[in-house]
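Beneath this line is the structure, given in structure tokens, with notes to follow.
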Amino acid sequence: MEMNSKLRNLAIAAVIALAITSLSACGGKETVAETASLNNLPAANAGEAPTITAPTGAAPTTLQTQDIIVGAGTEVQASSTLTVHYTLMTWSNGSIVESSWSGGQPATFPLAGVIAGWQQGLPGAKVGGRRLLVIPADLGYGPNGSGPIGPNETLIFVVDIIAVS
């Protein structure tokens, strides 16, 4: 059974890599895979906490987004209030800093009230979707950091959109 899960995840990663290559050849938007390696993108295990592997290589200097699961519900707008589950990993040490999945309760907040990386990276996502955001420090917590986030830290978020209002 574990082997089937590994094969499924490998197949998903191959499809994503092929899609990224196709988009790149067409002059598409820069993606995580083009600037750095995340070893394995988070699995498309809807309804479950994502598993994130520590990144390798230099951190990207621009916002990177990738839909792991494309939602079919209401679309996130800049003025939306969101209910999400999220996991946060720091690029520099590849450790999970925070996850709403750990507490079992999703977070609800106006998109306008969070870091710029979320404000720029989440519009267009839809309820039911899972989006990967790699956020450079200038769109995150900057030179001051915040709590367990150190100064000038690149952030990796996996965000599941549960509700939009």
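The values are calculated or read from the model by the stated rules, or taken from the named source; none is laboratory data. For clarity, every value in this text was computed on a predicted model and none was experimentally measured. A quick note on method: Cβ atoms are made from the backbone with ideal geometry, for glycine too, and the neighbour counts reach across all protein chains shown.
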Of the residues in the range 25-52 that are closer than 20 Å to Pro136 by Cβ and of a type in the set (Ser, Thr, Tyr), the one that is modelled with the highest pLDDT is Ser37
Subset of the range 116-165, residues over 20 Å from Gly57 (Cβ atoms), touching a helix residue (DSSP H, G or I) at 6+ places or on another chain (Cβ under 8 Å), in a strand (DSSP E or B) and not β-branched (Val, Ile, Thr), comes to Arg131
Counted residues in the range 112-162 being of a type in the set (Val, Ile, Thr) and touching a Leu at 6+ places or on another chain (Cβ under 6 Å) come to 2
*Any residue in the range 112-130 that is without any contact (Cβ under 8 Å) to a residue 12 or more places away in the chain and either of a type in the set (Ser, Thr, Tyr) or surrounded by fewer than 20 Cβ atoms within 10 Å (Cβ to Cβ) (or both)?*
yes
Boolean, Gly103 is at positive phi and either free of Cβ contacts under 8 Å to residues at least 60 places away in the same chain or in contact with a helix residue (DSSP H, G or I) (Cβ under 8 Å, 6 or more places away or on another chain) (or both): no
